[in-house]
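The values are calculated or read from the model by the stated rules, or taken from the named source; none is laboratory data. Treat the numbers as computed from the prediction; the structure is a model and nothing was measured. Don't worry about glycine lacking a Cβ; one is built from the backbone with ideal geometry, like all the others, and counts go over all protein chains shown. Areas reflect the complete protein model, heavy atoms only, side chains present, ligands, DNA and RNA absent. Shrake-Rupley method; radii C 1.70, N 1.55, O 1.52, S 1.80 Å.
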Amino acid sequence: MNLPLRHLSIRVPWHDTGWDARVCLAPRLNGSCLKLTRTAESRGDATEEVNAGKHLDANVLAARGVDHTYERLLSTEGVTKYPDFTIEDMESGVSQYWEHCGILHVPSYRRRWEEKLAWYRQNGIRPHEDGGGPAGTLIITRDEANGSIDSESIAERIRRALG
């Protein structure tokens with residue numbers, strides 16, 4: 001007898017952002033993930049800490065049909081960065097880089113972000129609000145002060161930046 005294939009979905013019993021499509025705010029403290037064998041074996045605390053609080057922003061780009069690359073290597077003068085998203089328009093040759101700042105209330109994260117923003121500016125990649133730069137345009141989105149995500153606001157910012 002052939003039975004129809006069924007999909008069973010389970011969730012880890014603890015998640016500090018309420019299952020709102022974000023990485024945990026404190027991934028290293030989430031011991032519940034260790035109860036799931038595959039998750040425990042592939043868990044990357046260092047990567048998750050860097051992405052703590054980040055929303056799955058690619059959905060905004062996909063909904064607009066925008067080709068993009070996640071964390072594509074960007075090197076200038078021997079320094080390498082990984083923008084959250086890179087959007088290249090092959091016809092115009094214009095590159096746009098989207099950075100989403102998830103936990104600016106954490107001093108070490110804020111400091112790293114400020115250093116990264118200065119690096120972008122020094123290398124001719126300037127914020128969309130400043131008209132962009134000769135080497136590209138930087139789209140910056142942020143979580144709200146309380147850690148929530150205003151998806152509509154982010155989608156509107158992307159729409160304005162991409163035209």
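Only residues that are small (Gly, Ala, Ser) and within 15 Å of the chain's Cα centre (by Cα): list them for region 61-81, please.
If we filter region 61-81 for residues that are small (Gly, Ala, Ser), which is where we start, we get 62-63, 65, 75, 78.
Scanning region 61-81 gives a single hit, Ala62.
Can you name the number of the only condition in (1) without any contact (Cβ under 8 Å) to a residue 40 or more places away in the chain; (2) touching a helix residue (DSSP H, G or I) at 6+ places or on another chain (Cβ under 6 Å) that Glu144 fails?
The one condition Glu144 does not meet is (2).
Does Ser153 fit the bill of being open to solvent by 40 Å² or more (accessible area, probe 1.4 Å), over 15 Å from Leu61 (Cβ atoms) and not in a helix (DSSP H, G or I)?
Numbers: open to solvent by 40 Å² or more (accessible area, probe 1.4 Å): yes; over 15 Å from Leu61 (Cβ atoms): yes; not in a helix (DSSP H, G or I): no.
Here the answer is no, as Ser153 does not meet what is asked.
Would you pick out the residues in region 146-162 that are modelled with pLDDT of 75 or more and farther than 11 Å from Arg64 by Cα? Steps first, please.
Filtering region 146-162 down to residues modelled with pLDDT of 75 or more leaves 152-162.
Passing the criteria: Glu152, Ser153, Ile154, Glu156, Arg157, Arg160, Ala161.
Only one of these is modelled with pLDDT under 95, open to solvent by 50 Å² or more (accessible area, probe 1.4 Å) and farther than 22 Å from Ala155 by Cβ: Glu88, Glu71, Glu77, Glu114. Name it.
Details: Glu88 fails: farther than 22 Å from Ala155 by Cβ; Glu71 fails: farther than 22 Å from Ala155 by Cβ; Glu114 fails: modelled with pLDDT under 95.
Just a single option satisfies the conditions, and that option is Glu77.
Collect the residues in region 91-103 that are more than 20 Å from Glu156 (Cβ to Cβ) and surrounded by 12 or more Cβ atoms within 10 Å (Cβ to Cβ), keeping them in residue-number order. Give the steps one after another, and end with the answer.
Taking region 91-103 and keeping what is more than 20 Å from Glu156 (Cβ to Cβ), we get 91-95, 103.
The answer is Val94, Ser95, Ile103.
With respect to Ile125, determine if the residue is out of contact with any Gly (no Cβ under 7 Å at 6 or more places or on another chain), closer than 24 Å to Ser75 by Cβ and open to solvent by less than 20 Å² (accessible area, probe 1.4 Å).
Values: out of contact with any Gly (no Cβ under 7 Å at 6 or more places or on another chain): no; closer than 24 Å to Ser75 by Cβ: yes; open to solvent by less than 20 Å² (accessible area, probe 1.4 Å): yes.
No: the conditions fail for Ile125.
Of the numbered conditions (1) in contact (Cβ under 8 Å) with a residue 60 or more places away in the chain; (2) open to solvent by 80 Å² or more (accessible area, probe 1.4 Å), Tyr82 fails exactly one; give the number of that condition.
(1)
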